[in-house]
Amino acid sequence: MKRLTAIIALAAAAAACSSPKTGDVPVYLDPARSVEERVADALPRLTTEEKVALTHAQSKFSSRGVPRLGIPEVWCTDGPHGIRPEVLWDEWDQAGWTNDSCTAFPALSCLAATWDRDMALLFGRSIGQEARYRKKDILLGPGVNICRTPLNGRNFEYMGEDPFLAGQMVVPYVTGVQENGVAACVKHFAVNNQEVRRTATSSNLDDRTLYEIYLPAFEAAVRKGGAWAIMGSYNLYNGQFNCHNKRLLLDILKGEWGFDGVVVSDWGGCRDDDEAIVNGLDMEFGTWTNGLTGAASDGYGNYHLANPYLQRLADGRATTKELDDKATRVLRTIFRTSMASEPHFGSFNSPEHYAAARKIAAAGTVLLQNNGVLPLRVPDGGKLVVIGENAVKKMVVGGGSSSLKTNYEIAPLEALQEAFPGANVVWERGYVGDTSTSYNKVDTGQDLSESRSASQLLADALKAVEGADAVVFIGGLNKSEGQDNEGTDRSDTILPYGQGEVIEAIAAAVPSLVVVNISGSPVSMPWAPKVGAIVQGWYGGSETGHALADVLTGAVNPSGKLPFTLPAALSDGPLKTERQYPGIREEGKEWWQEYYDEGVFVGYRWYDTKGIPVCFPFGHGLSYTTFEYAAEKLSKAAAACSGSYPVASDALDKVVASVSLSVKNTGSVDGAEVVQLYVAPPAGGVERPAKELRGFEKVFVEAGKAASVSIDVPVRAFTRFDEASHSWVVDPGEWKVLVGSSSADIRWEGTINVK
Ligand code: GLC
């Protein structure tokens with residue numbers, strides 16, 4: 001017996017020597033442990049200085065880890081459309097690396113226009129792989145601020161005017177990014193709906209407007225998408241800077257929504273030592289360290305959450321309570337990303353990513369009008385005339401922090417030349433817009449200089465169109481100041497550079513003119529009745545030209561829908577006063593003040609309810625085929641409909657009805673249709689929008705076939721936010737459920753009696 005015992009003892013000793021007991025590996029380094037276990041083990045190992053160092057930048061886009069414990073630095077990168085080129089340690093300018101040219105994906109206004117959750121997942125997955133490959137831990141995107149004014153310079157980075165659409169599209173994007181061990185940092189939180197004086201204006205609004213319009217996309221990202229990071233915005237909300245706004249960050253985000261990730265400041269958005277400590281900011285970046293005016297070199301110790309914080313901890317003005325919460329959240333982010341138990345490696349510039357960019361850009365392209373002139377038909381030996389600066393201008397570079405250095409960018413003209421190899425493809429500029437080609441020392445290498453006068457340019461275009469088999473005008477906006485550009489807003493919704501006149505002149509000679517408007521925000525089109533077809537194109541990234549050519553030639557049947565209204569004129573919109581936009585000065589108030597007096601009546605909620613005609617409505621988009629909706633059935637669990645108000649928050653997503661219908665493709669080509677579901681409130685009671693989007697499904701249908709669609713309707717669809725009770729309430733009465741191909745093309749309606 002003794003011998004056996006001895007053998008067992010020896011074996012045990014040998015085993016112990018060969019593989020260290022899990023006790024030898026500290027828990028925080030043990031990938032077998034949960035994130036929370038690793039955080040709990042790491043936190044007490046940190047000194048106060050190490051905890052404070054986690055909460056602020058050490059360079060333009062990174063913050064310290066804990067070198068002593070082998071906990072890595074945290075690296076952030078812009079942006080929502082692709083991975084920003086590496087910048088110098090403390091500069092915005094690119095560092096001139098030769099391995100950081102990325103895949104440029106489409107702008108998020110294009111993604112929104114796909115109305116396709118699968119496209120959002122594909123987008124997030126692809127960009128997350130590129131971030132991981134570039135060893136970035138926090139992706140500074142997506143942006144989901146609502147298009148309150150068509151003039152906002154950053155509408156192109158966001159997902160339109162409807163909170164439900166933005167909320168549905170942001171969730172898969174976040175999921176796709178984060179499955180790569182990269183934190184999505186949803187921005188800019190919150191009510192950051194303009195660029196004019198963005199660091200000095202307080203957005204003032206009531207709770208109903210805040211909760212019904214400006215929070216839902218962020219709430220979806222956090223509560224359904226599980227976003228690991230949120231970026232505070234530059235502006236103020238109700239008088240307090242948003243990077244340390246108690247109401248937004250503590251009461252709502254971390255309180256009501258239970259957010260367990262990190263709040264990251266916008267770059268330079270942190271403005272106060274004490275508020276930064278107590279109001280929920282976790283990571284401070286980009287602070288202008290010499291008195292909040294110009295950037296001093298280095299100066300990271302001068303950050304609000306650096307030496308001033310250490311001083312307050314030392315003299316007792318601050319406790320470690322907030323510090324431990326900040327450090328916990330930063331450590332949690334590190335264990336979710338760079339130190340994730342399951343290692344991720346990502347991929348960069350893969351054919352799959354360029355294919356994804358092309359697919360998303362094509363799926364987001366919106367056919368607004370077509371008198372039969374599309375798809376383009378240009379016979380071999382025929383003549384295709386392309387007019388407009390946006391046919392050639394490369395636009396991945398520019399526009400602000402979302403600007404990228406990409407491996408390649410195919411402009412529309414080049415793609416059309418490829419698509420019609422047997423034709424004579426002629427280009428005329430038609431007008432001069434923006435001749436700049438660089439941003440932060442990244443340059444497209446194009447020469448867009450022009451010596452001809454406006455009249456000469458037009459004369460040359462009119463001459464070129466003689467004898468053409470097809471003429472396509474490709475214009476719109478660009479990424480320069482005063483257009484789709486961070487830091488500035490536009491001044492009107494009509495096309496700049498005299499494009500309207502050029503379009504009308506050409507259309508007079510060529511009634512079948514095809515107009516492609518490339519923009520990231522709403523454009524008014526008074527010339528629409530005079531042209532043959534209109535396509536809303538977007539900043540499509542590396543494959544923008546191929547994607548547009550795919551649609552114009554019919555290789556891809558367009559299926560995009562507008563994520564925002566195209567108004568007939570800016571003055572038709574809800575923002576009538578300086579007080580509403582861009583804000584006013586008020587006696588005794590240090591910052592500009594802006595009042596969201598229009599309340600929830602934003603976008604189609606305004607035009608529809610007020611009966612104001614628009615150029616093209618929210619949700620509008622045609623196809624090269626036609627669809628018929630048939631055999632609708634509105635099944636409802638009546639009992640659940642009798643929810644008395646206020647509705648408990650966990651009941652909000654309870655399905656109380658579902659609409660099932662069949663969509664028949666009655667044309668000759670396969671295509672996809674976005675079936676939209678709106679609700680219309682009973683008459684009387686609190687003033688509400690005439691209809692509100694509450695559901696949508698994109699369905700692919702082969703020519704001649706039919707597909708069934710079912711859309712569930714939760715209790716939430718029938719609620720409004722009641723400020724007095726601070727809760728969602730259901731208004732009883734007879735509600736209409738509207739199903740349509742756009743907000744203005746309702747094909748069927750049913751009623752639900754909410755008791
Ligand atoms: C910018 C933008 C923000 C960006 C950040 C870093 O000012 O507002 O979207 O992520 O700073 O470039």
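Taken together, the values in this text are just the output of simple stated rules run on the coordinates, not laboratory data. Remember, predicted model here, so these are calculated numbers, not experimental data. Methodologically, a virtual Cβ is constructed for each residue, glycine included, from the backbone with ideal geometry; neighbour enumeration extends over all protein chains shown.
When Lys and Arg each count +1 and Asp and Glu each count -1, what net charge do the other residues less than 11 Å away from Gly445, Cβ to Cβ, add up to?
-2
Nothing charged except the Cβ atoms of Lys and Arg (+1) and of Asp and Glu (-1): what's the magnitude of the dipole of the chain about its Cα centre? Round to the nearest 20 debye. Numbers along the way, then the final one.
Working: 71 positive and 92 negative charges, 334 e Å.
Around 1600 debye, computed over the chain.
Take the chain, drop everything but the C-alpha atoms, weight them equally and run the Debye formula without solvent; then report log10 I(q)/I(0) at 0.06, 0.07, 0.09 Å⁻¹ to two decimals.
-0.38, -0.51, -0.83
Under the rule of at least 5 residues apart or a separate chain, name every residue whose amide H is placed under 5 Å from the amide H of Asn349.
Under 5 Å from the amide H of Asn349: Thr103.
State which entries of Lys654/Lys691; Lys326/Lys441; Lys654/Lys698; Lys359/Lys691; Lys610/Lys664; Lys383/Lys530 exceed 26 angstrom in Cα-Cα distance in the structure shown. All intermediate terms of the calculation are to be shown ahead of the outcome.
Working: Lys654/Lys691 21 Å; Lys326/Lys441 35 Å; Lys654/Lys698 22 Å; Lys359/Lys691 31 Å; Lys610/Lys664 33 Å; Lys383/Lys530 22 Å.
Among Lys654/Lys691; Lys326/Lys441; Lys654/Lys698; Lys359/Lys691; Lys610/Lys664; Lys383/Lys530, the Cα-Cα distance tops 26 Å for Lys326/Lys441; Lys359/Lys691; Lys610/Lys664.
May I ask for the net charge around Asp550, where only other residues with Cβ less than 13 Å from the Cβ of Asp550 are counted and Lys, Arg are +1 while Asp, Glu are -1? It would help to have the intermediate numbers written out before the result.
Numbers: positive: Arg358, Lys359; negative: Glu418, Glu543.
Taking every other residue near Asp550 into account, the sum is 0.
When ranked by the protection proxy of mean other Cβ atoms within 10 Å per residue, highest first, what sequence do the peptides 128-136, 343-351 form?
Values: 128-136: 23.4, 343-351: 14.2.
Taking the mean over residues of other Cβ atoms within 10 Å, the ranking is 128-136, 343-351.
Ranked from highest to lowest mean number of other Cβ atoms within 10 Å per residue, what is the order of the peptides 462-472, 25-35, 69-79? Display every interim value, and only then the final one.
Working: 462-472: 18.5, 25-35: 15.1, 69-79: 20.2.
Taking the mean over residues of other Cβ atoms within 10 Å, the ranking is 69-79, 462-472, 25-35.
Just add up the charged neighbours of Gly475: K/R +1, D/E -1, any other residue whose Cβ is under 11 Å from the Cβ of Gly475.
Details: positive: Lys393, Arg429; negative: Glu389.
That sum, taken over residues with Cβ under 11 Å, equals +1.
Using a Cα-Cα cut-off of under 28 Å, which lysines could be cross-linked to Lys589, ignoring same-chain neighbours fewer than 8 residues away?
Hits, sequence-local ones excluded: Lys187, Lys246, Lys576.
For region 625-754, build the charge dipole from Cβ charges (+1 Lys, Arg; -1 Asp, Glu) around the Cα centre, then report which of Tyr629, Val739, Val686 sits farthest towards its positive end.
Going by the charge dipole, the pick is Tyr629.
For the chain, what proportion of DSSP beta bridges, expressed in % and rounded to the nearest 5, is antiparallel?
For the chain, the DSSP antiparallel bridge percentage is about 60.
Could you give the angle, 0 to 90 degrees to the nearest 10, between helix 2-18's Cα long axis and the longest principal axis of the Cα atoms of the chain?
Taking the Cα atoms of the chain, the angle to 2-18 is about 50 degrees.
Quick one: putting +1 on the C-beta of Lys and Arg, -1 on the C-beta of Asp and Glu, what dipole do you get for region 625-754 around its Cα centre, in Debye to the nearest 20? Mind dumping the intermediate values first?
Details: 13 positive and 17 negative charges, 39 e Å.
Its charge dipole is roughly 180 debye.
Using alpha carbons only, how many degrees (0 to 90, rounded to 10) separate the axis of helix 351-364 from the longest principal axis of the chain?
50 degrees
Using only Cα atoms, tell me the angle between helix 499-509 and the longest principal axis of the chain; keep it within 0 to 90° and round to the nearest 10.
Here the helix axis deviates by roughly 30 degrees.
In deg cm²/dmol, rounded to 500, what helix-only [θ] at 222 nm does the chain give when every DSSP H run of at least 4 residues adds -39500 (n - 2.57) and the total is split over its residues?
Working: 17 runs with 172 residues, N = 755.
Result for the chain: -6500 deg cm²/dmol, rounded to the nearest 500.
For region 365-556, what proportion of DSSP beta bridges, expressed in % and rounded to the nearest 5, is antiparallel? Don't skip to the end; give the middle numbers.
Working: 6 of 25 bridges.
Antiparallel bridges make up about 25 percent of those DSSP assigns within region 365-556.
Just want the answer: with Cβ charges of +1 for Lys and Arg and -1 for Asp and Glu, which residue in Val656, Pro379, Ala227 is farthest toward the dipole's positive end in the chain?
Val656
For the ranges 418-426, 502-510, what's the packing order if you count other beta-carbon atoms within 10 Å of each residue, average per peptide, and put the highest first? Intermediate values should be presented prior to the final figure.
Details: 418-426: 15.7, 502-510: 19.3.
Ranking, from highest mean packing down: 502-510, 418-426.
Contact order normalised by length for region 365-556, with contacts defined as Cα pairs under 8 Å and 6 or more residues apart; what percent is it? Each step should come with its number before you reach the end.
Details: 400 pairs, mean separation 63.2, N = 192.
Computed over region 365-556, the figure is 33 percent.
Aspartates and glutamates near Lys736 by alpha-carbon distance under 18 Å, same-chain residues fewer than 8 away left out - which ones?
The qualifying aspartates and glutamates are Asp608, Glu632, Glu687, Glu692, Asp712, Asp745, Glu749.
Output the relative contact order of the chain, whole-number percent, from Cα pairs under 8 angstrom with separation of 6+ residues. Don't skip to the answer; put the middle values down first.
Values: 1881 pairs, mean separation 102.3, N = 755.
Over the chain, the number comes to 14 percent.
Counting every Cα pair in region 625-754, what percent are over 25 Å apart? Numbers along the way, then the final one.
Values: 2432 of 8385 pairs.
Of the Cα pairs, 29 percent sit more than 25 Å apart.
Under the Karplus relation 6.51 cos²θ - 1.76 cosθ + 1.60, θ = phi - 60°, what is the ordered set of whole-Hz ³J(HN,Hα) values for region 564-569, x standing for Gly and Pro?
Those phi angles translate into 8, 5, 9, x, 5, 7 Hz.
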